[in-house]
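Just so it is clear, none of the values below were taken in a lab; they were calculated from the coordinates. Bear in mind the structure is a predicted one, so any value in this text is a computation, not a measurement. Neighbour counts run over all protein chains shown; Cβ positions are idealised from the backbone, glycine included.
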Amino acid sequence: MTGARYRFRSSWLLPGTAPERVFGAVTDLAGYPRWWSDVRTVRRVDDDTAELVCRSRLPFRLVVRMHRDHQDERAGLMRVRLSGDLEGVLAGTVRASGAGTLLEITQDVHARKALLRRLDVVARPLFRVNHALMMRRGHRGLSTYLA
């Protein structure tokens, strides 16, 4: 893989929500635009692959294909391979936590989009903040959607 490398980790606590509901929502890629404003469209490619178009506050969009690599609802584990403007792996773990559910998300990606690679040296802090805000909106959106 070539391109600027990014590693992200997010933890989303979803009080009052069963792990099965969280797992169902985050593995239903077609449903993302209903609760995550940064995911503009989803196009099903095949049974295990979807193409997402994402746009946050910055003036560009990312087109990413997510291909299911591993999914085990009983264990609360999921992993997808990413290709397109981002290449790498996104993994999630869903588990009961108190009176709700904890969703832990890890991402290890390389930016393939030329603009991201060119601006990486000077804009990396901005890209990281943008990602954090996008994930915050996703967490809030999922919480509201599942309430």
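Here are a few things to note about the model shown:
- The range 1-58: relative contact order as a whole-number percent, Cα under 8 Å and 6+ apart: 19
- With an a/c value of 1.5 or above and a/b not larger than b/c for the gyration tensor axes a ≥ b ≥ c computed over the alpha-carbon atoms, the range 49-107 is described as oblate.
- You can think of it this way: the chain between Arg136 and Arg43 has 31.1 nm of extra reach, that is 0.36 nm per residue less the Cα-Cα gap.
- Per residue, the average separation of C-alpha pairs within less than 8 Å and at least 6 apart gives the chain a relative contact order of 31 percent.
- Estimated 222 nm signal from helices in the chain, with DSSP H stretches of n ≥ 4 weighted -39500 (n - 2.57), rounded to 500: -10500 deg cm²/dmol
- Overall form of the range 97-147 per C-alpha gyration tensor (a/c, 1.5; a/b vs b/c): prolate
- Added length on full extension, which subtracts the Cα-Cα distance from 0.36 nm per residue, Tyr145 to Thr106: 11.9 nm
- Between helix 114-146 and the chain: long-axis angle, C-alpha atoms, 0 to 90°, nearest 10: 20
- Positive minus negative residues near Leu133 (Lys, Arg vs Asp, Glu; Cβ under 12 Å): +4
- Per residue, the convex hull around the alpha carbon atoms of the chain comes to 99 Å³.
- Across the range 104-112, coupling constants 3J(HN,Hα) worked out from phi with the 6.51/-1.76/1.60 Karplus curve, θ = phi - 60°, read 10, 10, 10, 9, 10, 9, 10, 6, 9 Hz, and Gly and Pro carry x.
- Additional length obtainable on full extension of the chain from Ala99 to Arg34, 0.36 nm per residue less Cα span: 20.9 nm
- Neighbourhood net charge (11 Å Cβ-Cβ; Lys/Arg +1, Asp/Glu -1) for Pro19: +1
- Overall form of the range 4-59 per C-alpha gyration tensor (a/c, 1.5; a/b vs b/c): oblate
- Sparse-neighbourhood loop sites, GluC sites (Glu not before Pro) in the range 57-147 - DSSP loop, at most 14 other Cβ within 10 angstrom: Glu73
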